[in-house]
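Structure first, commentary second.
Since every read-out is calculated from the coordinates, none of them should be taken as a lab result. What you are looking at is a predicted structure, and each value in this text was computed from that prediction instead of being measured. Heads up, the Cβs are rebuilt from the backbone with ideal geometry, glycines too, and the neighbour counts pull from every protein chain shown.
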Amino acid sequence: MNKGFLTPKETIEAINAGGRRVLSQSLGRTFVLSLLAGFYISFGAELATVVSSDAAVHLGHGVARLLGGSVFSIGLMLVVVCGAELFTGNSLLASAVLDGEISLAKMLENWGVVIVGNLLGALFFAWLMYETRLWQSGAVGEQAVKLATVKCELSFGVAFVRGILCNWLVCLAVFLATAAREIPGKLLACYVPIMTFVASGFEHSVANMYFIPSGLLLRNDLPAAASLTWWNFAGGNLIPVTLGNIVGGVLFVASAYWYVHAGEKQRRE
């Protein structure tokens, strides 16, 4: 009987083997898959905005954050099960680099294409949601502006550290989903770590590519703070959060598990 999961050693080996896709996958295919990931994460982000718009009033802030994180996890579920290229999850390619499966240049090329695709996908989705006018229902629009403003007002250091903690959990979610062999297990693997990072208040670069532009699009329709600007989005949030996401995924998941498991043979040699 086949077991329903891979061991940690088998999982990191599967991740390394999967990293070889960047050697043969065309840049066009990578770009389309990265657009899809931008859409999928945005689906989770917009649903989290809707759910959290009035949950705190009735259930309290803690429960509201739990609910927001729970529904946000649909984004990574779609990425993992349907297949897409997500920049934060692709931090795990660093393990394939350490294992000699791909070159550093190939990993950086993948990251460059994927982050651009994720950004364009999230921006397009934010515009689509603005055009639906669904933000006019209840306090959804106000919540979108509030979420975007809070993120734009973070200091560089705070955004960086929150980015580390976020992608530590996101990459663990991908690690767990890779270990799971059945769809229910993959969904649960995505749910728990993603719910944890959202409820905790950590920062995800691709999610913020939707959250902050959504608030920016509403500046002419709803009251907004002066700190909600495109510059604060790019320089004040996206850059430090992206750097933090890289550190969290590469150092605490990809490098750590490669060293413990996949790097054993190379150390012996």
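Points to keep in mind about this one:
- In a reduced charge model with +1 at each Lys and Arg Cβ and -1 at each Asp and Glu Cβ, region 123-269 shows a dipole moment near 300 debye about its Cα centre.
- The calculated P(r) of the chain, using every Cα pair and 5 Å bins from 0, goes 1, 6, 13, 17, 20, 17, 11, 7, 4, 2, 1, 0, 0 in percent.
- For region 119-136, 3J(HN,Hα) per residue [Karplus equation, 6.51 cos²θ - 1.76 cosθ + 1.60, θ = phi - 60°, Hz, x = Gly/Pro]: 5, 5, x, 5, 5, 5, 5, 4, 5, 4, 5, 4, 6, 5, 6, 5, 5, 7
- Taking every C-alpha pair closer than 8 Å and separated by at least 6 residues, the mean separation divided by the residue count of the chain gives a relative contact order of 30 percent.
- Residue (of Ala139, Gly68, Gly100) at the positive-pole extreme of the chain, dipole from beta-carbon charges: Gly100
- Look at the alpha carbon pairs under 8 Å that are at least 6 residues apart: their mean separation over the length of region 1-150 gives a relative contact order of 36 percent.
- Summed residue charge, Cβ within 14 Å of Gly121's Cβ, Lys/Arg positive, Asp/Glu negative: -2
- Distant-in-sequence amide H partners of Ala180 (H built 1.01 Å from N, under 5 Å): Leu6
- Relative contact order %, region 52-117, counting alpha carbon pairs below 8 Å whose residues are six or more apart: 21
- Charged side chains reduced to their Cβ positions (Lys and Arg at +1, Asp and Glu at -1) give the chain a dipole of some 360 debye around its Cα centre.
- Stokes-Einstein diffusion of region 124-168 at 10 °C, 1.306 mPa s viscosity, Kirkwood radius from Cα pairs, rounded to a whole number: 129 µm²/s.
- Rounded to the nearest angstrom and listed largest first, the equivalent-ellipsoid semi-axes of region 135-269 from its Cα gyration tensor are 34, 18, 9.
- Net charge dipole size for region 68-152 [Lys, Arg +1 and Asp, Glu -1 on Cβ; Debye, nearest 20]: 320
- Calculated SAXS-style log₁₀ I(q)/I(0) at q = 0.22 Å⁻¹ - region 25-66, Debye, Cα scatterers: -0.69
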